[in-house]
1. What are the pairs with Cβ atoms under 7 angstrom where one residue, in the stretch 68-79, is in contact (Cβ under 8 Å) with a residue 60 or more places away in the chain and the other, located anywhere, is away from ligand 3 (no atom under 16 Å from the Cβ) and among the polar types (S, T, N, Q)? Sequence gap at least six, or different chains.
2. Among the numbered criteria (1) away from ligand 3 (no atom under 16 Å from the Cβ); (2) surrounded by 14 or more Cβ atoms within 10 Å (Cβ to Cβ); (3) within 18 Å of the chain's Cα centre (by Cα), which one does Gln64 miss?
3. Can you list residue pairs whose Cβ atoms sit under 6 Å apart, with the first residue in the stretch 8-20 being at negative phi and in a loop (DSSP other than H, G, I, E, B) and the second being of a type in the set (Phe, Trp, Tyr) and away from ligand 4 (no atom under 16 Å from the Cβ)? Count only pairs 6 or more apart in sequence or on different chains.
4. Among the numbered conditions (1) free of Cβ contacts under 8 Å to residues at least 60 places away in the same chain; (2) more than 21 Å from Arg212 (Cα to Cα); (3) touching a helix residue (DSSP H, G or I) at 6+ places or on another chain (Cβ under 8 Å), tell me where Pro60 comes up short.
5. Counting only residues that are more than 16 Å from ligand 3 (Cβ to nearest atom), modelled with pLDDT of 90 or more and within 23 Å of the chain's Cα centre (by Cα), which one in the stretch 21-40 is surrounded by the most Cβ atoms within 10 Å (Cβ to Cβ)?
6. From Val110, Val96, Val121, grab the single residue that is touching a Lys or Arg at 6+ places or on another chain (Cβ under 6 Å), of a type in the set (A, V, I, L, M), touching a residue at least 12 places away in the same chain (Cβ under 8 Å) and within 28 Å of Cys148 (Cβ to Cβ).
Amino acid sequence: MASKTPKPRAVQHFTHNHPLTELNIACDFICDGCKTYGSDKTYRCEPCNYDLHEYCATCPFTLQNFTHPQHEISLFRQKQSTRQNERVCDICNESVEGLFYRCKLCEFDVHPLCTQLPQHVRHVLHPAHHLEFRLGGESTCMVCQGSCQSWRYRCELCKFDIHIECILAVCNTSPSNQTDESGTKSRGLKAQGGQSSSLASRRPSIGRRMFRVLKALTVGVVCNLIAGPISEALK
Ligand SMILES: [Zn+2]
Ligand SMILES: [Zn+2]
Ligand SMILES: [Zn+2]
Ligand SMILES: [Zn+2]
Ligand SMILES: [Zn+2]
Ligand SMILES: [Zn+2]
């Protein structure tokens, strides 16, 4: 009998022998491509219990990305990681395993998902200007007051920096909290969420915390971020 429900999309991916079917799921999974957490949507081979992120199932073999504008980066697949060939993502500093992008010339490595972080955000602690995701020297994160060493969201004009993972910290911006610029701002901050142990035994390469950040930033629903297309905001 003919059904009006559209057939779920299926892809044949080079990392797996069987076709993968698009599926919306309620629980988290670990992507068998990039070995990091995923949720909501997977491309799955049911008999093999094989999952890929939507992005890992569809991302191109070569990519021009703002995180490495000087060269094209290429998709690599490392079958086994050993102590000798262990590498870390230049963006988030977590290890890369399985599928990742690399610039061979520069030995630049990046998780597929880390190439999907937004280049610009607007944050409640710094509503005047947009923050750009970029590499910088040592400075202080305005959310946790910790030191920023590599990639961060930055307003270059004001030298205002926020760690990637601190973008999600709950910021209390009530007027009483803004009277003392340097002292009281951190009082309203509280890191969100907790550790979940259900997947811990499988040791994914991106920690739970980083996964939450990536998920929230790539789908664009973060409480601290000011909504609206950045092109509008920059006018
Ligand atoms: Zn993946
Ligand atoms: Zn299979
Ligand atoms: Zn990364
Ligand atoms: Zn390069
Ligand atoms: Zn921070
Ligand atoms: Zn600024």
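1. Arg77/Thr15
2. That leaves (2) as the condition not met.
3. As it stands, the answer is His16/Tyr50, since those pairs meet every condition given.
4. (3)
5. It comes out as Asp32.
6. Going through Val110, Val96, Val121 in turn, the sole match is Val96.
The values are calculated or read from the model by the stated rules, or taken from the named source; none is laboratory data. Owing to the predicted nature of the structure, the values given are computational and were not obtained by experimental measurement. Cβ: placed from backbone, ideal geometry, glycine included. Neighbour counts: every protein chain shown.
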